[in-house]
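What follows is calculated from the coordinates using simple rules that are stated; it is not laboratory data. This one's a predicted model, so the numbers in the text were calculated from it and none came from an experiment. As a convention, Cβ positions derive from the backbone with ideal geometry for all residues, glycine included, and neighbour counts pool all protein chains shown.
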Amino acid sequence: AMLKFFICVAFLSLAVFLLEHCIAEGEENKVAEVDTVTSKFPDGICGSNMCGLLRPMDKAGLVVLCCLFAYMEIIHPLFMRPKNAMEFLPLLATSVICAIGLVGCWLRSLVLMIRCVQSPPLFVKEEGNASKKKKE
């Protein structure tokens, strides 16, 4: 159980690190483009001009999920399963934490949609330029 836990946590950590590193390299190569895109929003889409793969709340959620996984795979089997006590607790905790995460995702999506509706579209070609090109 311990090996399974450490392999899963190592895989998750490595995946997040590598993805954030790839995202950061892509953003460095497109700094001018990103600045023009995010300047239409007061603080950029993610709250700053340059945003990575995960926000601090996302990282906190992953830490909570890792703690839950440790409880489910190590602590609960060692201390509760031999007594046949509270067998439902890991499933209950998983359901509650995932439900909170989903509500948070929906709220974040709502905020981003409201920002996009209140701001002009980012990549819209002007109709006048398109019609001029067609006439030529």
Ordering 67-78, 106-117 by per-residue average of other C-beta atoms within 10 angstrom, highest first, gives 67-78, 106-117
Where a ≥ b ≥ c are root eigenvalues of the Cα gyration tensor, a/c under 1.5 meaning rounded, otherwise prolate if a/b exceeds b/c and oblate otherwise, the stretch 58-110 counts as oblate
The ³J(HN,Hα) series, computed from each phi in the stretch 101-110 with the Karplus coefficients 6.51, -1.76 and 1.60 at θ = phi - 60°, rounded to the nearest Hz and given as x for glycine or proline, is x, 5, 4, x, 5, 5, 5, 4, 4, 4
Rounded to one decimal in nm, the spacing of the 7 Å Cα→Cβ label points at residue 67 and residue 9 is 1.3
Note, the stretch 85-90: 3J(HN,Hα) by Karplus (6.51, -1.76, 1.60, θ = phi - 60°), whole Hz, Gly/Pro = x, goes 10, 6, 5, 7, 4, x
